[in-house]
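**Student:** What follows is a structure written as structure tokens; I'll ask about it next.
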Amino acid sequence: RKPVTINTLQSLYRKNEPITMITAHDFPSAHVADHAGMDMILVGDSLAMVALGMEDTSEVMMEEMILHCRSVARATKSAFTVGDLPMGTYEIAPEQGLESAIRMVKEGRIKSVKLEGGIEMAPTIAKITRAGIPVLAHIGLTPQRQNSLGGFRVQGKSTAGALKLIEDALAVQEAGAFAVVLEAVPAEVAGLVTRNLAIPTIGIGAGNGCSGQVLVQVDMTGNFPPGRILPKFVKQYGDVWSESMRAIQAYKADVKSRAYPAVEHTYPMPKDELAEFEK
Ligand code: KIV
Ligand code: NA
């Protein structure tokens, strides 16, 4: 498969073919996503919880994001890669955002960055885009702002909220974002936003009217870290945790019963050497 570029994504959008996106946080999770033919791979800051066991995304540092981006980039041969700018690395000023985006590309080896926020982030999106780094915007439920949103709540449920969402979407488009993630918004509102934009919308908990979809990989494969609560919008396509559990328990039982290692897992000594050795 040819590498997916910004042009490939635009052509999918023009053909009205849904864009597929999934998160990855390391070499193996990126490898499988890339081989499955995902159009885009996101190194989401959700890795704070799903890969590092942190409470929320506010804890993850730039250096940690870069480390994970590098491992994802090494495994990704065709998908278009996006790295989340972690909280605190882009909100202060457009210059800070650009500096952070450059680090993510140069050190993290990813192709584009994602940042949370609407109209207030437009100058930052414009600054990064003009420097030649594609920006994926993210509006609706923005988890880095969970404390001011009052938790993980559906956004744009009221008419005023829906109008704000449209205003934000138009602002990030105007600023040069190549696409926008809509998280946890009513399907009707996401559909309306999508129809009013000239760039793709990538939905997560935003219904079927978006230009594409994204899910957190461990959620949809059922490879759950402890305490993970699944939002309503997740469809679980696999049961990886149970399969790993089954395998590890079988290994444990085999070691305890000495069924493992069997002869075929053992390096034999050559017969003549063995005879000499046993003398
Ligand atoms: O961090 C993340 O995984 C995300 C996606 C769920 C959009 O931002
Ligand atoms: Na994120």
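Every number in this text was worked out from the coordinates using simple rules, so none of it is lab data. All figures in this text were calculated on a predicted structure; none of them were measured in a lab. Note that we place each Cβ from the backbone using ideal geometry, even for glycine, and neighbour counts take in every protein chain shown.
**Student:** Of LYS111/LYS157; LYS77/LYS157; LYS77/LYS114; LYS232/LYS252, which ones are farther than 28 Å apart at the Cα? Intermediate values should be presented prior to the final figure.
**Tutor:** Working: LYS111/LYS157 33 Å; LYS77/LYS157 39 Å; LYS77/LYS114 20 Å; LYS232/LYS252 35 Å.
Long pairs (Cα-Cα over 28 Å): LYS111/LYS157; LYS77/LYS157; LYS232/LYS252.
**Student:** Tell me, ILE139, ILE166, ILE229, ILE102 in order of fewest to most beta-carbon neighbours within 10 Å? Show your work: numbers first, answer last.
**Tutor:** On the way: ILE139 28, ILE166 18, ILE229 8, ILE102 15.
Listed from fewest to most nearby Cβ atoms, that is ILE229, ILE102, ILE166, ILE139.
**Student:** What's the FRET efficiency of ALA250 with GLN10 using the Cβ-Cβ distance as r and R₀ = 35 Å, to the nearest 0.05? Before the final figure, lay out each step's value.
**Tutor:** Details: r = 48 Å, r/R0 = 1.37.
Efficiency for this residue pair is about 0.15.
**Student:** Among the lysines, which fall within straight-line cross-link reach of LYS271, defined as a Cα-Cα distance under 21 Å, with same-chain neighbours fewer than 8 residues apart omitted?
**Tutor:** By straight Cα distance, LYS271 reaches LYS279.
**Student:** Next question, about the same structure. Give the order of HIS265, HIS68 when sorted by the count of other beta carbons within 10 angstrom, beginning with the fewest. Write down the numbers at each step before the final one.
**Tutor:** Numbers: HIS265 7, HIS68 28.
Ranking HIS265, HIS68 by Cβ neighbours within 10 Å, fewest first, gives HIS265, HIS68.
**Student:** Using the beta-carbon distance between ALA160 and LEU230 and R0 = 41 Å, what value does 1/(1 + (r/R0)^6) give for FRET efficiency, to the nearest 0.05? Walk me through the numbers before you get to the answer.
**Tutor:** Values: r = 29 Å, r/R0 = 0.72.
Efficiency, from the Cβ-Cβ distance: 0.90.
**Student:** Which of the trypsin sites (Lys or Arg not before Pro) found in the range 1-64 are loop residues per DSSP with 15 or fewer other Cβ atoms within 10 Å of their Cβ?
**Tutor:** Numbers: sites: ARG1, ARG14, LYS15; in loops: ARG1, LYS15.
Passing both the DSSP loop test and the Cβ count: ARG1, LYS15.
**Student:** Pick out, in residue order, every one of the GluC sites (Glu not before Pro) in the range 24-114 that is DSSP loop and has at most 14 other C-beta atoms within 10 Å; say none if there are none. Could the numbers behind the result be given before it?
**Tutor:** Numbers: sites: GLU55, GLU59, GLU63, GLU64, GLU91, GLU95, GLU99, GLU107; in loops: GLU55, GLU91, GLU107.
Here the GluC sites (Glu not before Pro) that fit, given the DSSP loop and packing criteria, are GLU55.
**Student:** The range 1-76 to the range 196-210: how many Å between their Cα centroids?
**Tutor:** About 18 Å separates the Cα centre of the range 1-76 from the one of the range 196-210.
**Student:** Calculate for the chain the 222 nm mean residue ellipticity that helices alone would give, adding -39,500 (n - 2.57) per DSSP H run of length 4 or more and normalising by residue count, nearest 500 deg cm²/dmol.
**Tutor:** Numbers: 12 runs with 120 residues, N = 279.
Result for the chain, helices only: -12500 deg cm²/dmol.
**Student:** Under a cut-off of 16 Å between alpha-carbon atoms, report the aspartates and glutamates in cross-link reach of LYS127, not counting same-chain residues fewer than 8 places apart.
**Tutor:** Straight-distance partners of LYS127: GLU91, GLU95, GLU99, GLU116, GLU174.
**Student:** Nearest 10 degrees, 0 to 90: what angle lies between the long axis of helix 62-75 and the longest principal axis of the chain (Cα atoms)?
**Tutor:** Computed tilt is about 70 degrees.
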